[in-house]
Amino acid sequence: MSKVDLIQLVKEKVQSLKAYHVENVDCEIKLHANENSFPPPPEILKQFEEAFKSTELNRYPDPDCSALKQTLSRRLNVTPENLAIGNGSDELIQILLQIFCDPGEIVGFPDPTFAMYAIIAQGMGLKSQTHPLDEQWDFKAEPFLETLNTSQAKIAFISYPNNPTGNCFSAGEVQKVIENFSGIVVLDEAYHDFARKSFISELPRHNNLIILRSLSKIGLAALRVGYAVADPLIINQIDKIRLPYNSNTLSQVLTERLLNHFEPVQKQLDALLQERDRMILELSKFGSLTVFPSDANFVLFRVEKDASAVFRQLMDRGILVRDLSRHPRLKNCLRVTIGTPEENQSFLEQIANIIK
Ligand SMILES: *Cc1c(COP(=O)(O)O)cnc(C)c1O
């Protein structure tokens, strides 16, 4: 029998971390994770069933994701050599930090933004350098570049649109960062299908630019598929670092099917965009809410009362949203994902009851 002092064996950096807490309360209406609330449409499910029948579950996946990369390269008008597939784009964020940063080095990003940049960096012994966003949740390139340069950041993350604020930063300022930063610029376009704006066309002119996209927000969160579009030299480094079978067969095959039969999904996304406008309009009618503009499939808003109390009252009524109020810049702020029209209606009715 062994009884060693286990915690003594754990690296100090890991000891001081806390496991990333994901709300997984059994709420009927889940508007907390920016997923697509619509399940895959019947046409797509039929495609999935067909694909499943010819899947060899006893074989390892295609380590190169060739078929999926072919499909993506056609859709994006890039070559397969420009593409890397990740087990979610979260994995690609981790791999990029492994490629470009030694322990103690700096990762730069605006604040507030996607929490995983700092969390993954911390887990790897890297330091985060934040740059405060202005009152409109935007930034100017010059001071941001100054922050990046004085801290000697190796890599900058720009969430575009920005999670959790919802907006796209001024394109001209992002462009200036791409043009003038001599480290790596990662444009995280996880919400691209809702914003319909992208910096992907800048790739041929800037070999230090990396675009990240994800299938999680448009209907396949369960499959964990993200991808990077970048210079082939960067893709080669990703291929050195990633585990050989980081993308499983079902994720590859089903994603390929969905992308090749996208029309019914596009209809869902169009409906979500209409619902986003309606939600913003309806929420803005409550005088006591501050509603921030959104280019994504979620809306950030500030309540006049204690947001955590509102969060709990919504949860008691079966609606899960995201409570962001612990962040010093996001006092009393909640984030709600745009769901189905029925889900959004329930949310609007319940929030009206709670804040009245
Ligand atoms: C959700 C999200 C991701 C993570 O996507 P996965 O592909 O599910 O790992 C990345 N970046 C931002 C800004 C996100 O909101």
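Since every read-out is calculated from the coordinates, none of them should be taken as a lab result. Computed from a predicted model, the values in this text were never measured in an experiment. Virtual Cβ from ideal backbone geometry, glycine too; neighbours counted across all protein chains shown.
Rounded to the nearest Hz, the phi-derived 3J(HN,Hα) couplings of the range 298-307 under the Karplus curve 6.51 cos²θ - 1.76 cosθ + 1.60 (θ = phi - 60°) are 8, 10, 9, 8, 10, 9, 7, 8, 5, 4, where x marks glycine and proline.
Separation of the alpha carbons by more than 25 angstrom is noted, of K30/K356; K154/K176; K176/K267; K176/K331, for K176/K267; K176/K331. Which FRET efficiency, nearest 0.05, do I99 and E142 yield, Cβ-Cβ r, R0 25 Å? It comes to 0.35.
Excluding same-chain neighbours fewer than eight residues apart, no aspartates and glutamates are reachable from K53 by a Cα-Cα span under 14 Å.
Restricted to Cα atoms, the chain shows a radius of gyration and a Dmax of 20.9, 66 angstrom.
Taking the centroid of alpha carbons for each part, the range 142-182 and the range 288-356 are 28 Å apart.
Whole-Hz Karplus values for the range 101-111 come out as 10, 8, x, x, 7, 10, 10, x, 6, x, 9 Hz, taken residue by residue from phi with 6.51 cos²θ - 1.76 cosθ + 1.60 and θ = phi - 60°; glycine and proline positions read x.
Estimated at 0.36 nm per residue, the fully extended path between D277 and A19 surpasses their Cα-Cα distance by 89.4 nm. Dipole size of the chain about its Cα centre, with +1 on Lys/Arg Cβ and -1 on Asp/Glu Cβ: approximately 380 debye, rounded to the nearest 20.
Taking only alpha carbon atoms, the range 58-141 gives an Rg to Rh ratio of 1.09, where Rh is the Kirkwood radius. As a rough guide to protection, the peptides 219-225, 322-328, 157-163 ranked by mean Cβ packing within 10 Å, highest first, stand as 157-163, 219-225, 322-328.
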